[in-house]
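Quick note: the coordinates plus some simple rules give every number you see, no bench work behind them. Keep in mind that this is a model prediction, so the values were computed, not measured. Neighbour counts are summed over all protein chains in view; Cβ atoms, including those assigned to glycine, are modelled from backbone coordinates with ideal geometry.
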Amino acid sequence: MRFRSALKTFFPLKTTQGRIAARWFLSAAAFLLFWSPVGSLAQKFPEYKVKSAYLLNFARFIEWPASAFQQPSDPINIGIFGTDPFKEDLEQTFKNKTIRGRTIRILRFSDLNALAQCHLVFISKEDDRRFAEVLRVIDGKPVLTVGETEGFTVKGGMIQLRIVDQQVSFEINQAATQKAGLTPSVQVLKLGKVVRH
């Protein structure tokens, strides 16, 4: 019940957008109730289904500048750089979804040149070693970077997904988002831990 009360505080549930956001974050919390740090239950925990729900909400509640799109009908491109830990979870989460009238396209690639097509790019822990290269390519571009390795925001990443006390949480480097011309919503800033590096 306390979690529901927090959602009402963070999201205006009387609005359609607020209800959608609350539903997704509540779903993420429900998945986490089945988390166990040991045994077979831990192996079955759908970690990346929860993380894919977070990616959807980041795309919904972070505003890109108009210059990030050439046409009003252009899709929002979600890029998975290198190793893909999501598999079919990402497609299931984003299926038939639109954001501010835009469709969503999922791209998987290992070529740094493809980063220019992305609005949001996820870097898995297996490919974090190449993050410095990623930053160099997207410097000054409106590309939201999301990672899962410790110290991701310290290195210039924008959002780091973390598992703390058996719950998925995130921290956001607000200075990095501002530098890229991205505007996180109040909801994102309230739910995440804002860090400044």
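How large is the charge dipole for region 48-195, taken about the Cα centre, if only the Cβ atoms of Lys, Arg (+1) and Asp, Glu (-1) carry charge, to the nearest 20 debye? Charge dipole, region 48-195, about its Cα centre: 340 debye, nearest 20. In region 48-195, with Lys and Arg counted as +1 and Asp and Glu as -1 at Cβ, which of these residues, Phe131, Ala176, Thr83, has the Cα nearest the positive end of the dipole, that is, farthest along it? So the residue we want is Ala176.
In terms of distances greater than 20 angstrom between alpha carbons, the cross-link table entries Lys87/Lys141; Lys49/Lys125; Lys125/Lys179; Lys87/Lys179; Lys51/Lys97 yield Lys87/Lys141; Lys125/Lys179; Lys87/Lys179.
In this label model, Ala114 and Asp165 are separated by 3.9 nm, measuring between points 7 Å along each Cα→Cβ vector. Once you order the gyration tensor axes a ≥ b ≥ c over the Cα atoms, which shape class does region 48-195 get: rounded for a/c under 1.5, otherwise prolate or oblate by comparing a/b with b/c? Rounded shape, in that the Cα axes give a/c under 1.5.
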